[in-house]
Amino acid sequence: MLNHRDFHIVIIDSDMGQNNAPGHGIAEVMERLEEEEFSISTASTARDGIAIFLSHTMCCAILLDWDLTGESKGHHATNVIDAIRARNDKIPIFIMTSKHTVQEIPTEIMSKVSGYVWILEDTPHFIAGRVEQAATRYIDHLLPPFFEELVHYTYEYKYSWHTPGHSGGLAFLKSPPGHIFFDFMGENTLRSDLSVSVPELGSLMEHSGPVGAAEAAAAKAFGAEQTYFVTNGTSTSNKMVWNGSVVPGDVVLVDRNCHKSIMHAIIMTGAKPVYFIPTRNDYGIIGPIHISEFEPETIRKKIEACPFIEDKNTPVTLAVVTNSTYDGLCYNTVPIKERLGGLVENLHFDEAWFGYARFHPIYKNHFGMCDEHDPENHPAIFATQSTHKLLASLSQGSMVHVKSGRRKVEFDRFNEAFMMHTSTSPQYGIIASLDVATKMMEGTAGHALVDDSIDEAVIFRKKMVMTAKDTAKIEKDPAKKWWFGIWQPDKVIAKSDDSSLENRQEHWVLGPKESWHGFANMEPNYIMLDPIKVTVITPGITGDGTMSEFGIPAGLVSRFLWSRGVVVEKTGFYSFLILFSIGITKGKSGTLLAELADFKALHDRNAPLEEVFPDLVEMHPERYAGLGLADFAHEMHEHLVRENITQVSQNVYATLPDQKMIPAKAYEQIVHSNTELVPLSELMGRIPAVMLVPYPPGIPIIMPGEQFNEKAKGIVDYLRVYEDFDNAFPGFETETHGIELKNEGGRVRYYTSCIKA
């Protein structure tokens, strides 16, 4: 099924190409392996050999000369073996040596290799045969169970008499646009787009056959008791967890820093929500929930205050916590499990952005499926992860991981909730990509992939610090000494050679006596910043929330980067987030640094907007023609200073609005057309039928059924600031889900859907 010619055998030997007996012997072995259709890559030094291995992911075997010339006997060969095993603990490695040197090989090295080759005593045919057998076994075990069966089935070229109707892509070939689509997507993609009518592939609904084997492998890799593959995203995964645990009237504890899919789940289940309150710093970054919020006494007081819970002794069915937060803050989950263990039946960690945590020790105990789990005293644990976000799967690929606690999860029963939300025609390519994502993370390979991401992120962080220092020294003009900041611990310094930043968790923990993070009363060893999630700070706000005279709103920078082909994850008023996923390369981060430097150069010479944002000037010539970049940045910054944006951003989350009805009842009003659009000026006293979610940060500021009253005045002020900003700076409009826009007399007005009075 897999062709040998697609794979490389790497030979690392100092005698490579030499006119001597070992050189001739190696040449004959290479010739025999090439007859078996393997590609051969060669190196004569340890450094070149490691470089070849790292650059050829399709290596299938290594032949290594133990007597590589170097500082000491065996030294370089040992380096090569360690470098390979750090990334791949399965690939066969053969040491080429003489019989009398085998006894000199350290025991720890002998356990890392597959065998030995005596190049001058064994025949080239015999050596090549041993290597070919080992390489073939390695290749045959590369594919995970579902993907392997999908490839087998696709290559059997069967006539399809079942859905999908394109029949392996043939239908597309019957029209010009279809033919173009076929050529673009590729034949294998379309031939592997199959129906549930294919019994060989198993059933996603019943978790049988190759699908079931793939999910079982994922459960083992991710530390779960049971894992479910989801083909329509973590928004759906979250709803599965809720529909499998919660019924109408149940009391649930909800992180106010939740994704909107959690709110949809509250509506769908008819639950009665009680909220955990997160913190917020002066940069506008949403912080963690203090540990005190999880104390049983605190929760009981919240339940007492909830007007919809008649029986104040009603047990709590489920609690949900967002981990990590959008900005990369990760909870030590163990103290949360301990505090909720006697009060909550189910604990759901929404880990959409954190699927890689298990594969690197820097994240120890900071994810839901961590090994520190007491099934006698902890709740049942659910972790939902968007595999497609920061691991390697197709979009919408997600997983639900489950681990029983005091409540034993009945998987047959939970599967009813799974089937409620899973299509009966799942996309098999997404299932295969989840299977492959699991296989990629197994063994040392997963650690190496995450380690690379962390290394690249730390290098970028240090480079940004170094650039700031160099800029301050080099620039003569005080107005040009600025550079971008990074929200990170002070110990991330420019010229540190301390590799512990990449490996030790304590460097990234938010200490209670540290000021860099901007959160008050942080508990020790509770929250860490994920090093791969990098928040870049633009000039304009100091660490204590004071707005500076000089500022560059982040929207200008991210729009510039976008115009240069660099797309950041999210943008606030003075910050933007970039993610160092396993797909990031040195070239990508180098390009980002270069583009930031280019933006600074354009700003410092006040380049005309026609040069920097020609499309923007073309769309709004009356507003932006003739403006320079620095002048425009100053104008936008002054606008935000007048609006007191830091205080407004704090106030919007400072106090929870009053709940007047549960979210499900508010949604009923939408279904029954008992709602009307209300402008900002008339919101006070009204009850929204929808949640309002500004992007960024993507956190609901008011939920359906809550009231715009004096407690919610900060929310109305926040929306007014957004409305004013949209009108002042066309082309830089903010995005708020739940807001409808109307153009009235040349001004954009905000409206939202409220329950009729």
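The values are calculated or read from the model by the stated rules, or taken from the named source; none is laboratory data. Computed from a predicted model, the values in this text were never measured in an experiment. Cβ: placed from backbone, ideal geometry, glycine included. Neighbour counts: every protein chain shown. Just the protein is used for accessible areas: all its heavy atoms, side chains included, with ligands, DNA and RNA removed. Shrake-Rupley method; radii C 1.70, N 1.55, O 1.52, S 1.80 Å.
Within the stretch 743-757, restricting attention to residues that are not aliphatic (A, V, I, L, M) and not in a strand (DSSP E or B), which residue is surrounded by the most Cβ atoms within 10 Å (Cβ to Cβ)?
K756
Condition test on L120, is it more than 18 Å from N3 (Cβ to Cβ), open to solvent by 50 Å² or more (accessible area, probe 1.4 Å) and in a loop (DSSP other than H, G, I, E, B)?
Yes, satisfied.
For the stretch 17-32, give me each residue that is crowded, with 18+ Cβ neighbours inside 10 Å and either farther than 13 Å from T123 by Cα or over 48 Å from the mean Cα position of the chain (by Cα) (or both).
Within the stretch 17-32, P22, G25 qualify.
Can you pull out the residues in the stretch 1-57 that are over 28 Å from D452 (Cα atoms), of a type in the set (D, E, K, R) and outside any helix (DSSP H, G or I)?
Within the stretch 1-57, D15, E36, E37 qualify.
Those residues that are over 22 Å from G705 (Cβ atoms) and open to solvent by 40 Å² or more (accessible area, probe 1.4 Å), I need them from the stretch 307-324; list them, please.
N313, P315
Here's the yes/no breakdown for (1) surrounded by fewer than 21 Cβ atoms within 10 Å (Cβ to Cβ); (2) at pLDDT below 90; (3) in contact with a Pro (Cβ under 7 Å, 6 or more places away or on another chain); (4) not small (G, A, S):
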{"residue": "K495", "(1), (2), (3), (4)": "yes, yes, no, yes"}
{"residue": "L501", "(1), (2), (3), (4)": "no, yes, no, yes"}
{"residue": "R504", "(1), (2), (3), (4)": "yes, no, no, yes"}
{"residue": "H507", "(1), (2), (3), (4)": "yes, no, yes, yes"}
{"residue": "L510", "(1), (2), (3), (4)": "no, no, no, yes"}
{"residue": "N525", "(1), (2), (3), (4)": "yes, no, no, yes"}
{"residue": "K533", "(1), (2), (3), (4)": "no, no, no, yes"}
{"residue": "I541", "(1), (2), (3), (4)": "no, no, no, yes"}
{"residue": "F550", "(1), (2), (3), (4)": "yes, no, yes, yes"}
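Quick one: in the stretch 269-292, of everything that is in contact with a Lys or Arg (Cβ under 8 Å, 6 or more places away or on another chain) and in contact (Cβ under 8 Å) with a residue 60 or more places away in the chain, which residue is most open to solvent (accessible area, probe 1.4 Å)?
Among them, the one singled out is I277.
Where in the stretch 619-724 are there helices (runs of 4 or more DSSP H), lying wholly inside it, with at least 2 residues that are under 24 Å from C258 (Cβ atoms)?
Passing ranges, in order: 645-651, 663-671.
Go through the stretch 14-51 and count every residue that is of a type in the set (D, E, K, R), in contact (Cβ under 8 Å) with a residue 12 or more places away in the chain and under 14 Å from A61 (Cβ atoms).
Within the stretch 14-51, residues that are of a type in the set (D, E, K, R), in contact (Cβ under 8 Å) with a residue 12 or more places away in the chain and under 14 Å from A61 (Cβ atoms) number 3.
When you check G342 against the structure, is it farther than 30 Å from T646 by Cβ and buried (at least 22 other Cβ atoms within 10 Å of the Cβ), yes or no?
no
Could you go through the stretch 698-710 and let me know if any residue there is within 25 Å of M268 (Cβ to Cβ), open to solvent by 10 Å² or more (accessible area, probe 1.4 Å) and without any contact (Cβ under 8 Å) to a residue 40 or more places away in the chain.
Checked against the condition, which is being within 25 Å of M268 (Cβ to Cβ), open to solvent by 10 Å² or more (accessible area, probe 1.4 Å) and without any contact (Cβ under 8 Å) to a residue 40 or more places away in the chain, the stretch 698-710 yields no hits at all.
Going through V450, V458 one at a time, which residue ends up being over 30 Å from K239 (Cα atoms) and within 22 Å of the chain's Cα centre (by Cα)?
It is V458.
Quick check on Q385: is it polar (S, T, N, Q), modelled with pLDDT of 95 or more, under 18 Å from V230 (Cβ atoms) and in contact with a strand residue (DSSP E or B) (Cβ under 6 Å, 6 or more places away or on another chain)?
Against the criterion (polar (S, T, N, Q), modelled with pLDDT of 95 or more, under 18 Å from V230 (Cβ atoms) and in contact with a strand residue (DSSP E or B) (Cβ under 6 Å, 6 or more places away or on another chain)), Q385 qualifies.
Here are G249, G223, G212, G202: which of them is under 20 Å from the mean Cα position of the chain (by Cα) and either over 17 Å from V320 (Cβ atoms) or open to solvent by 40 Å² or more (accessible area, probe 1.4 Å) (or both)?
Going through G249, G223, G212, G202 in turn, the sole match is G223.
Against the conditions (1) in a loop (DSSP other than H, G, I, E, B); (2) touching a residue at least 60 places away in the same chain (Cβ under 8 Å); (3) farther than 28 Å from I289 by Cα; (4) open to solvent by 60 Å² or more (accessible area, probe 1.4 Å), where does W483 fall short? Just the number, please.
Among (1) in a loop (DSSP other than H, G, I, E, B); (2) touching a residue at least 60 places away in the same chain (Cβ under 8 Å); (3) farther than 28 Å from I289 by Cα; (4) open to solvent by 60 Å² or more (accessible area, probe 1.4 Å), W483 violates only (4).
May I ask you to list the residues in the stretch 560-582 that are within 20 Å of D604 (Cβ to Cβ) and open to solvent by 40 Å² or more (accessible area, probe 1.4 Å)?
Matches in the stretch 560-582: S563, R564.
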